[in-house]
Amino acid sequence: TSTDYVVVRSKPDNLIEVTLVKPNFIAAIIELHKGHGPQLFRWLQIATGMALLIIVLSGLWLGLSSPVLKTRSLQLLISGSVILVLLAWVL
């Protein structure tokens with residue numbers, strides 16, 4: 001979790017140890033990456049993902065609509081798709 005929490009442990013001599021844990025920056029970023037952050041941050045992640053998708057698709061559309069760039073755009077699209085499929089298959 002990215003918030004402070006308490007760890008309770010029992011010791012062999014019948015004592016209880018209570019420790020306050022404050023996660024570091026990396027732990028907080030990992031939790032945000034997993035989608036466990038505030039609702040506003042989740043909406044920001046969705047909006048960023050949609051914006052990136054629109055940028056990629058518009059770049060593809062511009063590349064395929066240009067006669068000069070059409071062949072190169074198709075080559076890059078095919079090679080990138082093959083690499084993506086191979087990586088998905090291997091991993």
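Count of the range 12-28 residues, restricted to those that are part of a strand (DSSP E or B) and either basic (Lys, Arg) or open to solvent by 80 Å² or more (accessible area, probe 1.4 Å) (or both), is 3.
Evaluate the following for Arg9: is it basic (Lys, Arg), at negative phi and in a helix (DSSP H, G or I)?
Details: basic (Lys, Arg): yes; at negative phi: yes; in a helix (DSSP H, G or I): no.
No: the conditions fail for Arg9.
Contact map, the range 14-33: residues that are without any contact (Cβ under 8 Å) to a residue 40 or more places away in the chain and at negative phi paired with residues that are outside any strand (DSSP E or B) and open to solvent by 80 Å² or more (accessible area, probe 1.4 Å), Cβ distance under 6 Å, separation 6+ or inter-chain. Pairs shown: Glu17/Lys11; Lys22/Asp4.
Inspect all residues belonging to the range 43-59 and state whether any of them is in a loop (DSSP other than H, G, I, E, B), surrounded by 10 or more Cβ atoms within 10 Å (Cβ to Cβ) and without any contact (Cβ under 8 Å) to a residue 60 or more places away in the chain.
Kept after step one, since they are in a loop (DSSP other than H, G, I, E, B), are these residues of the range 43-59: none.
Within the range 43-59 (the criterion being in a loop (DSSP other than H, G, I, E, B), surrounded by 10 or more Cβ atoms within 10 Å (Cβ to Cβ) and without any contact (Cβ under 8 Å) to a residue 60 or more places away in the chain), the answer is no, since none of the residues qualifies.
The values are calculated or read from the model by the stated rules, or taken from the named source; none is laboratory data. Everything numeric here is computed off the predicted structure, so don't read it as measured data. For neighbour counting, all protein chains shown are included, and Cβ atoms are generated from backbone atoms with ideal geometry for every residue, glycine included. Surface accessibility is based on the protein's heavy atoms, side chains included, excluding ligands, DNA and RNA. Shrake-Rupley method; radii C 1.70, N 1.55, O 1.52, S 1.80 Å.
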